[in-house]
Amino acid sequence: MLACQQRDREVSRPPPSPSVARDASAAASGAPAPSPRASRSADEFERERERMVREQMVERDIVDPRVLAALRRVPRHRFVLEHTLERAYADTPLPIPAGQTISQPYIVAFMSQAAQIRQGARCLEIGTGSGYQGAVLTELCAETYSIEYLPEVAEFARRNLQSAGFLERRLFLRVGDGYAGWPERAPFDAILVTAAPETVPPPLLDQLAVGGHLVIPVGGPSGQELEVWKRVAPGAARASFERTAVMSVRFVPFLGPH
């Protein structure tokens with residue numbers, strides 16, 4: 001649910017591929033065009049995913065082998081809208097229902113790496129969105145809990161996660177206000193927030209385990225910073241946390257009454 005401060009580098013459109021031309025011809029004749037998703041092979045998507053990991057992650061600063069392995073396993077094309085399928089593995093955010101977005105793959109990788117997720121971790125995601133980040137967390141965490149504020153978006157994520165086989169894999173979804181977190185399942189070893197509040201919600205800090213990391217964009221329309229908070233001691237005092245601002249970003253706003 002994020003747009004990093006990076007403009008789309010696409011400046012021109014290539015001519016239609018033969019498959020697009022065939023679809024147009026079928027539409028003109030009255031025959032239904034095949035689904036773009038159904039017309040692509042699993043091998044094609046796997047090659048695109050491997051290229052994404054190599055060019056967008058390995059050649060930049062993503063070095064955590066567990067994160068790289070998770071990105072290779074999660075089929076991002078299962079989490080995008082049909083009309084954006086051709087760009088499923090491009091280094092760009094894409095639209096999803098209700099004016100939200102699926103984050104660009106690099107940002108998903110960066111946030112996952114910044115959370116320093118250990119094997120056996122319990123993780124919380126605020127802002128389920130398309131379900132893609134939650135699927136990546138499921139590959140990294142023993143248990144993943146994800147909260148989405150918008151029911152329409154939550155249903156979109158549920159369908160995506162179910163079709164990709166992740167709902168049966170220690171992933172739990174809730175529709176509600178992410179500001180309050182998921183207190184009955186706390187503490188969490190990692191908390192990732194995919195929408196930007198103007199200040200860090202105190203309940204999320206309260207639910208962070210000692211040694212755990214909260215990765216969150218903070219700010220308003222004038223600017224946002226991606227911050228990493230590490231709990232170094234028990235308690236609510238500021239001294240119980242270490243805070244690091246790591247990059248300028250642009251996320252959709254944090255929603256809810258708070």
**OP:** Kindly check whether there is at least one residue in the range 81-92 that is under 27 Å from Ser248 (Cα atoms), under 12 Å from the mean Cα position of the chain (by Cα) and either among the basic types (Lys, Arg) or not in a loop (DSSP other than H, G, I, E, B) (or both).
**Re:** no
**OP:** Among the residues of the range 51-89, count how many are in contact (Cβ under 8 Å) with a residue 40 or more places away in the chain, surrounded by 13 or more Cβ atoms within 10 Å (Cβ to Cβ) and either in contact with a Pro (Cβ under 8 Å, 6 or more places away or on another chain) or at positive phi (or both).
**Re:** 8
**OP:** Filter the range 177-204 for residues that are of a type outside the set (Asp, Glu) and assigned to a strand (DSSP E or B) and give the result.
**Re:** Phe188, Ala190, Ile191, Leu192, Val193, Ala196
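Conditions tested, residue by residue: (1) within 18 Å of the chain's Cα centre (by Cα); (2) among the β-branched types (Val, Ile, Thr).
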position	(1), (2)
Ser163	yes, no
Glu168	no, no
Ala180	no, no
Pro183	no, no
Val218	yes, yes
Glu225	yes, no
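Quick grid of which residues meet (1) aromatic (Phe, Trp, Tyr); (2) at pLDDT 95 or above:
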site: Gly211; (1), (2): no, yes
site: Val215; (1), (2): no, yes
site: Val218; (1), (2): no, yes
site: Ser222; (1), (2): no, no
site: Trp229; (1), (2): yes, yes
site: Val232; (1), (2): no, yes
site: Arg238; (1), (2): no, no
site: Thr244; (1), (2): no, yes
site: Phe251; (1), (2): yes, no
Subject >> Qualifying positions in the range 126-166 - assigned to a loop (DSSP other than H, G, I, E, B) and either farther than 17 Å from Arg76 by Cβ or of a type in the set (Gly, Ala, Ser) (or both) >> reply: Gly127, Gly129, Ser130, Gly131, Cys141, Ala142, Tyr149, Leu150, Ala164, Gly165
**OP:** Please give the number of the condition Ile117 fails out of (1) surrounded by fewer than 23 Cβ atoms within 10 Å (Cβ to Cβ); (2) part of a loop (DSSP other than H, G, I, E, B); (3) touching a Lys or Arg at 6+ places or on another chain (Cβ under 8 Å).
**Re:** (1)
Original post:
Do you know which of the residues in the range 93-108 that are part of a helix (DSSP H, G or I) and under 19 Å from Leu161 (Cβ atoms) is nearest to the chain's Cα centre (by Cα)?
Top reply: Val108
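The values are calculated or read from the model by the stated rules, or taken from the named source; none is laboratory data. Note that the coordinates shown come from a computational prediction; the quantities given were computed from them, not determined experimentally. Ideal geometry is used to build each Cβ from the backbone, glycine not excepted, and the neighbour counts take in all protein chains shown.
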